[in-house]
Amino acid sequence: MRFMMLMIPQGYESAPAKLDLDPERVAAMMRYNQALKDAGVLITLEGLHPPATGARVRFDSGLPVVTDGPFTEAKEVIGGFWMIDVASRAEAIAWAKKCPASANEMIEIRQVQEMGDFSEEVQQAAATFEHPQGGWGKALR
């Protein structure tokens, strides 16, 4: 089962575009990342720049409207993510609990949708797309 673990640092919604990271915290996170890799559960991971450098495209009016960051209405934003492949939700939670996160961070765990989660009609509609890494479409797992 694939899960995405989303790192949500409190206050990141108003973080400056350029961050000064603590090398010791980065080293601790890299040890955690290595443990995920060594266990064979890590698919991919990335850190994201703060919202100050981002943009949002909304379709409220039916037409795309672009808003540059930061996003003052945001209460929580994603600072990064890990994609893992584990046997269960409980195992994903166990990995999240091992993260060397600080007191102002939390991890949201979300299971990745698989084609088998959907009706045959939806699977057929998605089958025309061949995902480059074998996700939805012709290259199904």
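At a glance:
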| read-out | value |
| --- | --- |
| Region 16-51: number of residues that are within 19 Å of the chain's Cα centre (by Cα), surrounded by 14 or more Cβ atoms within 10 Å (Cβ to Cβ) and under 14 Å from residue 102 (Cβ atoms) | 2 |
| Of residues in region 85-113 being of a type in the set (D, E, K, R) and within 13 Å of the chain's Cα centre (by Cα), the one least open to solvent (accessible area, probe 1.4 Å) | 108 |
| Members of region 21-38 that are hydrophobic (A, V, I, L, M, F, W, C), farther than 12 Å from residue 82 by Cα and in contact (Cβ under 8 Å) with a residue 40 or more places away in the chain | 28, 35 |
| Among residues of region 1-15, those that are within 18 Å of the chain's Cα centre (by Cα), over 15 Å from residue 102 (Cβ atoms) and assigned to a helix (DSSP H, G or I), counted | 1 |
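The values are calculated or read from the model by the stated rules, or taken from the named source; none is laboratory data. Just so it is clear, the model here is predicted, and its values are computed rather than measured. Glycine also receives a Cβ, built like all others from the backbone with ideal geometry; neighbour counts cover every protein chain displayed. The accessibility values were calculated without ligands, DNA or RNA, using every heavy atom of the protein model including side chains. Shrake-Rupley method; radii C 1.70, N 1.55, O 1.52, S 1.80 Å.
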